[in-house]
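Just below is one structure, and these are the notes that go with it.
The values are calculated or read from the model by the stated rules, or taken from the named source; none is laboratory data. In this text the structure is predicted, and so the values were computed from the model without any measurement. When we count neighbours, we look across all protein chains shown, and the Cβ atoms used for this are built from the backbone with ideal geometry, even at glycine.
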Amino acid sequence: MTRKQMIVLVVVGAFVVVGIVVGVLTRSGGVLSPVKVVEQGDGDAANALLEDENGERSVFTSEVPQNAKPTEPVIESPAAPNSDAKFGIFNMTVGENGYEPSIITVGQGNLVQIKLTALDGDYDFNMPYKGLYQFVKEGETKQISFGVKTSGTFAFECRDFCPEGKKIMGELVVLP
C-alpha cells in the first residue's frame, strides 16, 4: 500500500468515527439533541420548564421561583480559601416515585455535589443544559459534581433508565 493510499484510508476512517460520535450524541435525548431554552419574559417558567405547550423540551429558565430558600446540604465548606463560594454535598435518592428531593436550591457561584442513590432499580440522571449524565445501578451511589455560575432554574430528568411509562423529573434552582 502506498503512502498516499494510507493517508486516504486514515482520513476516511476519521470521518467515519466522527460521524458515529455525532450520531450517538444527537440521538433523541442525547447531549447534542435540540432543546429549548426558556428565557426571562417567556411567561410562566415553572410550567414551561420541561415541556411547553407545543411539547418541546426546555431545560433552563433564567427565572427563579419567588420565596425560594437554599436547600440545606449534608456537608458544606468554603469552595476555596478567601472565597464567598461554598461547596455543598446533597444526598438524593431516585426510585419509582422520582427523585428525593426533587428540587435542590443553591446559591450562584457555588460548587455542588449530588450523591445519587438508586433505590429499586437502575436509573440515570440527565441535566442537558449543563451536559451532565450519570447512570446508577440499583443500590449504588454515584457522585455528580459541578459548578453553578448562572442563576435560574435547571431541569434534570431520568432519560434512559426510567420506570415503565413514567418520566422522572426535578429542578436545580440557582439563586442570584
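Can you give me the ranges of the strands (runs of 3 or more DSSP E) entirely in region 83-176 with at least 1 residues that are in contact (Cβ under 8 Å) with a residue 40 or more places away in the chain?
Per the criteria, 86-95, 98-100, 103-107, 111-118, 123-127, 132-136, 152-157, 169-175.
Tally the residues that are among the polar types (S, T, N, Q) and either under 24 Å from CYS162 (Cβ atoms) or not assigned by TED's automatic domain parsing to the domain that holds PHE125 (or both), restricting the search to region 67-104. Show your work before the answer.
Quick first cut of region 67-104, residues among the polar types (S, T, N, Q) only: 67, 71, 77, 82-83, 91, 93, 97, 102.
Among the residues that remain, those that are also either under 24 Å from CYS162 (Cβ atoms) or not assigned by TED's automatic domain parsing to the domain that holds PHE125 (or both) are: 71, 91, 93, 97, 102.
Selection size over region 67-104: 5.
Return the pair list, or none, for Cβ contacts closer than 7 Å from residues in region 64-79 that are closer than 13 Å to VAL148 by Cβ to residues that are of a type in the set (Ser, Thr, Tyr), at least 6 apart or on different chains.
VAL64/SER151; VAL64/THR153; PRO70/THR105; THR71/THR105
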